[in-house]
Amino acid sequence: MYRYDDLDRQMLTDRSNEFRLQAERRLSGDITEDQFKPLRLMNGLYLQLHAYMLRIAIPYGTLNTAQLRRLAWVASTYDKGYGHFTTRTNLQLHWIKLRDAPDILDSLAEVGLHAIQTSGNCIRNVTADPYAGATADEIDDPRVWAEVIRQWSTVHPEFSYLPRKFKIAVTAAEKDRAAIRSYDIGLHVRRTREGELSFEVLVGGGQGRTPYLAKTIREHLPAGRLLSYLDAILRVYNRQSRRDNIHKQRIKILVATLGVEEFTRRVEAEWALNDGADIDLPDTELARIRANFRPLAFEPQPAKSQAFEAAKAADAEFARFTRRNVHAHKVPGQTPGDATSEQMQVIADLADAYSQGEVRVNYTQNLVLPHVKLADVPAVYARLKEAGLATANIDLITDIIACPGLDYCTLANARAIPVAQAIARRFADPERAEAIGELPIKISGCINACGHHHLGAIGILGVDKKGEEYYQLSLGGSGGDDASLASILGPAVSANQTPDAIEALVETYLVHRQEGERFLDTVRRTGLQPFKEAVYVDAH
Amino acid sequence: MKVLTANSLETGEALFWNKGQWAVRFADGERFEGDEAAAPVLAQAEGQPTAVVAPYLIDVEEVEGHWVPIAFRERLRALGPSNHRQHGKQADGDADVEALVAATFVARSAGRVKLIKR
Amino acid sequence: MSTLIKLESDRAVLALDPFVYVPDEAEVPAGGDIIVSLSRLVSEGDALLGAGRRVGVRLQPSEAVEDLAYDLPRLAVVELAFAKFRDGRPYSSARVLRGRLNYRGELRAVGDVLREQALHMVRCGFDAFEPADGSTPDQWLAAAHRYRHVYQRAADDRQPIFVERDLNASGLGHNRPDEVGA
């Protein structure tokens, strides 16, 4: 992973010093809340229901153990002893005081962590394939490019006051595990016929009120020209997007309004005019960044030591564990994405012992211990089980993704956590969950879709109907290569009815499924009708 | 009736106006007859930008002798998150908190859409 | 005359502003340096520019700096208005002016111009400022120099961090003193 040198760390310290000044100006009344708000957002600080929330960046979901231990320490020193891993591989702390924030940022800077641009109308944390650098099927390590983009976009003087937030994702294997089509810019690393690295550039994806899948605007961009091309896209967006209606200011709206062809024409025209030599990185700098992501030295192993390949052992629970996951996760009934400081320490210990000091966060709120040797898996499992982190349910029905929802967030219309917990408890029997198979449920507490409900095989959106929490169900979403947006099933159901409704959907799937079909596959084949009929009396 | 609320600038916690002071407990919030009656104190609160952020009025009703916010969001805000009952104002556990909990999590509606029984 | 902050190489000074902004509905005064809107420049520009006075233009965020290309060599000042400090269009306008349009005259930030955005404005090529928050030149300059390093090139002449790193490594650079702006 990228190692921050003195200069990189000085950026973090200068940033933290700047925020201390800005917070002081706000606390003394020198600047108004209106003037302060974008500044604190650009340092990851939201004002929510109960306190400030601090969103700490975990660039492309990769942490070293010193960083994870520091996060654990910050969580127990300044918060209530736990943190929340988000669907965009950041960490949120929900009980922060403004007056502590500068000290927290100082502490994070010491280990190369920060909260720079994790909110606000600027370029946010770049996400990449969670298995980058640990999977045999990648063309390149996408984290190299995520780091390139991170540096270029940090305190960018021209692009810090955009019409809206801006999110970029990079993937580099044939299979897109980063859901790039749901991003403002998605980048797919490929090789040309001549063997050169290039990007397929997609623009205009996004969830939220009006979900879109990104469209390809360029099939082949020579990799060395990435930054100047991004510069062109951002300039067209910054200059030409609407500024009069906050709901119409994501780049997806501009692409839809102009049409892909016209949008592409404008970007290409801008790119032809900008000075690539000033923007694109010299080969030496690309090589320097890339050198940080050198594949680690592995001892030769008899088989691939990756997450998806494992042998069964005599212990049925362990066998299930090896079938489903070799990484830490939450127990059904806990809050999706949450880990206590103690749990973070355990994972850091394991990562030091077994996974070369590295931990990953993926966009389904799970943690990954990459590079674990097959022979070490039993020992890892035993330790995880002790810490309550060994639930063998990755991608199963109990591996629910949920945003914090109305329990914490001022934007929410309904709570997401209790629904997730109720469903997980209903399906807690591990054998039953395994028999059902892959079934990602994603829950958002409002249309901002932080739970990525548009991309769930079952997506659940919390809504407020006359002051009561109701849940709108959608089926058939997927974030991967076969990206699709979920379709609404029918009228929203009450909180109490939701677990029953999910049962009805699951039973319908089990009745209709053909050999090898996941829930998603059956829905796509049969359409929604059998599922509607199972849930709604009036659907016949 | 109305209660005036805001978030503390320094700590971010929810606060409730009580005769010129800011109280941390919802139950200690001063009640006003309506928007007009509360307008002067709202203006006062808006004149305290270094103490609080974004003051506003919330609707409250009396339920079995205790005053509670009408909006579900404001009930959660007055209590704390439902997944960690030991966090936030609800940790006090006193009679006012219990009344608020009861009002917030009273039996949910049966729902307007009929399901097939399984 | 109003005052504004002007950047001169590495210093920031208060300067008297000889220019008067003439709103569209008002008559252009007989003499003196004036600043007019883009639409007035387009309709009366030749007359104004030929009258032996200095003329500047004020652009709103939605107006395109490319429309100035023809008149740019004869303009004494270009003002970019910040309608709201969080509307970042003027930053791009400034970059285009300084970059491909090669504008070398005074580039002024007016409107909702605040100290916390001084850094962005300076790096995008603004060299004159009408602060809306009473900032002094010292405060402005300090705010523009809070970061010892930058990650990307812009309209100023700061070298990106990787160039600095190379210079340090080859012994040609210097480690800047630990002064951070206030």
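The values are calculated or read from the model by the stated rules, or taken from the named source; none is laboratory data. The shown structure was predicted, so the numbers you read here are calculated from the model rather than taken from an experiment. So basically every Cβ, Gly included, is an ideal-geometry build from the backbone, and we count neighbours across all protein chains shown. All accessible areas refer to the heavy atoms of the entire protein, side chains included, with ligands and DNA or RNA removed. Shrake-Rupley method; radii C 1.70, N 1.55, O 1.52, S 1.80 Å.
Below are the figures for this structure:
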read-out	value
Förster-model FRET efficiency, 30 Å R0, C:E44 and C:A132, C-beta, rounded to 0.05	0.55
17 Å reach of a label modelled at A:A422, 7 Å along Cα-to-Cβ, counting backbone N of the stretch A:448-464	A:459-464
Under-5 Å amide H pairs with A:G81, H placed in peptide plane, nonlocal only	A:S76
Residues losing 50 Å² or more accessible surface upon assembly, the stretch C:83-122, compared with the chain by itself, 1.4 Å	C:F85, C:R86, C:R89, C:S92, C:R95, C:R100, C:E116, C:H120
For the stretch A:412-522, with +1 on Lys and Arg beta carbons and -1 on Asp and Glu, the positive-most of A:L520, A:N496, A:S478 along the dipole	A:N496
Alpha-carbon centroid distance for the pair the stretch B:11-77 / the stretch A:507-532, whole angstrom	50 Å
5 angstrom amide H check on B:I70, placed H, neighbours 5+ away	B:D59, B:V60, B:E61
Cross-link pairs C:K6/C:K84; A:K37/A:K167; A:K252/C:K6 - those with Cα-Cα distance over 28 Å	A:K252/C:K6
Spin-label proximity, B:A95 to the stretch B:1-33 - amide N less than 19 Å from point 7 Å beyond Cα toward beta carbon	B:25-31
Extension gain, A:T257 back to A:V511 (0.36 nm per residue minus Cα-Cα distance, nm)	87.1 nm
Kirkwood Rh and Cα Rg combined as Rg/Rh, chain C	1.02
FRET efficiency, 1/(1 + (r/R0)^6) with R0 30 Å, evaluated for B:M1 and B:A51 via beta carbons	0.80
Difference of contour (0.36 nm per residue) and Cα-Cα distance, A:T526 to A:L411	37.9 nm
Computed FRET value (nearest 0.05) for B:K19 with C:E66, which takes r as the C-beta separation and R₀ as 51 Å	0.25
Area buried, chain C against chain A - accessible surface, total, 1.4 angstrom probe, square angstrom	3900 Å²
Estimated dipole of the protein assembly as shown in Debye, rounded to 20 [Cβ of Lys and Arg +1, of Asp and Glu -1, Cα centre]	1300 debye
Lys/Arg +1, Asp/Glu -1 at C-beta; the protein assembly as shown dipole; positive extreme among A:P211, A:V111, C:L97	A:P211
Of A:L367, A:T135, A:F263, farthest towards positive along the dipole that unit charges on Lys, Arg, Asp, Glu beta carbons give chain A	A:F263
Chain A: antiparallel DSSP beta bridges as a percent of all, rounded to 5	75 percent
Spatial separation of Cα centroids for the stretch A:114-154 and the stretch A:230-294, in angstrom	16 Å
Built amide H within the under 5 Å cut-off of A:D481, gap 5+	A:D176
Cα-based shape type of chain A, given that a ≥ b ≥ c are square roots of the gyration tensor eigenvalues and the cut on a/c is 1.5	rounded
Shape call, the stretch B:2-109: gyration tensor on alpha carbons, a/c limit 1.5	oblate
Percent carbon-and-sulfur accessible area, the protein assembly as shown, ignoring ligands, DNA and RNA, probe 1.4 Å	50 percent
Zone of C:A83's modelled label, taken as backbone nitrogen in the stretch A:239-265 under 13 Å from a point 7 Å along Cα→Cβ	A:239-246
Of A:K442/A:K466; A:K97/A:K442; A:K175/A:K248; A:K215/A:K465; A:K97/B:K19, those spanning more than 27 Å from alpha-carbon to alpha-carbon	A:K97/A:K442; A:K175/A:K248; A:K215/A:K465
No Cys partner within the rule (Cβ under 4.7 Å), the protein assembly as shown	A:C122, A:C409, A:C446, C:C124
Rounded to 10°, Cα long-axis angle of helix C:38-49 versus longest principal axis of chain C	70 degrees
In nm, spacing of pseudo-spin labels at C:R104 and C:R74 (7 Å Cα→C-beta vector)	2.0 nm
